[in-house]
Amino acid sequence: MNLIPAAATAALIAATALPALAEPVDYSLDPSHSQVLFSYEHLGFSTTWNLFSGWEGTVSFDAEDPAASRVSVSIPTEALFTGWEDRFQHFMSDAFFDAAENDLVTFTSTDIELTGEETAKITGELTLNGITKPVVLDARLTQHGEHPMEKRDWLGFYATTTLSRSEFDMGEYVPAVSDEVEVQISIEAGKVAD
């Protein structure tokens, strides 16, 4: 005697036969291996490099549908390393980052357009010096797999973009010091524990 109605049986078979829809998985950035490097031309004589390191963020990564992934990072303004204390203090002043009023640099993705199997354009809102502007990152998935020491799922990404610092009210010395700032981003992120 069949105790399960035929309609319920059909629904159960259909549910088990269909592939499960993948959901985005949350990853936490590894602050010891996530960095933002930026550079600009100085008076035509040299290229000056500066680094943000030791910050945090999250990546919600959908391996089945990468375009549905999301990125959100917050970088303490004072996490900047310039290699020269006078430059650091100048950058923290209201002529540049205005750290007293704007203690975070943030980026939140709004759209991801796949451009290849491991590449994408990530559009998002960048807030810098209290000003929010849309920015597009040219991104590449460098690796996705188990971390050999952490023994959990791990991601690596590399991205680049070019910013115009004057758009963020940081245009002091333009054009003698280039308005264009080249940005390189390298991050690692580990799967958040269930």
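Some notes on this structure:
- Kirkwood Rh and Cα Rg combined as Rg over Rh, evaluated for region 140-194: 1.27
- Extent along principal axes [Cα atoms of region 111-150; Å; largest to smallest]: 40, 26, 12
- Nearest-0.05 FRET efficiency for D86 and T58, computed from C-beta distance (R0 25 Å): 0.10
- Of all DSSP-defined beta bridges confined to the chain, some 100% are antiparallel rather than parallel.
- T123-R140 pseudo-label distance in nm [points 7 Å out on the Cα-to-Cβ vector]: 2.4
- For region 51-121, taking the reciprocal of the average inverse distance between every pair of different Cα atoms yields a Kirkwood hydrodynamic radius of 14.2 Å.
- In sequence order, calculated HN-Hα J values of region 100-108 (Karplus, 6.51, -1.76, 1.60; Hz; x Gly/Pro): 5, 9, 10, 7, 10, 10, 10, 9, 10
- Taking the C-alpha atoms only, the angle from helix 6-17 to the longest principal axis of the chain is near 40 degrees.
- The alpha carbons of the chain stretch over 87, 34, 32 Å along the principal axes, in descending order.
- Descending semi-axes in Å of region 87-194, equivalent ellipsoid built from Cα gyration tensor: 31, 17, 13
- In nm, spacing of pseudo-spin labels at V177 and A193 (7 Å Cα→C-beta vector): 4.4
- Sum of -39500 (n - 2.57) over DSSP H runs of 4+, divided by residues of the chain (222 nm, nearest 500): -3000 deg cm²/dmol
All of the numbers you see were taken from the coordinates with simple rules; none came from a lab. All figures in this text were calculated on a predicted structure; none of them were measured in a lab. Here the Cβ is made from the backbone with ideal geometry for all residues, glycine too, and neighbour counts use every protein chain on show.
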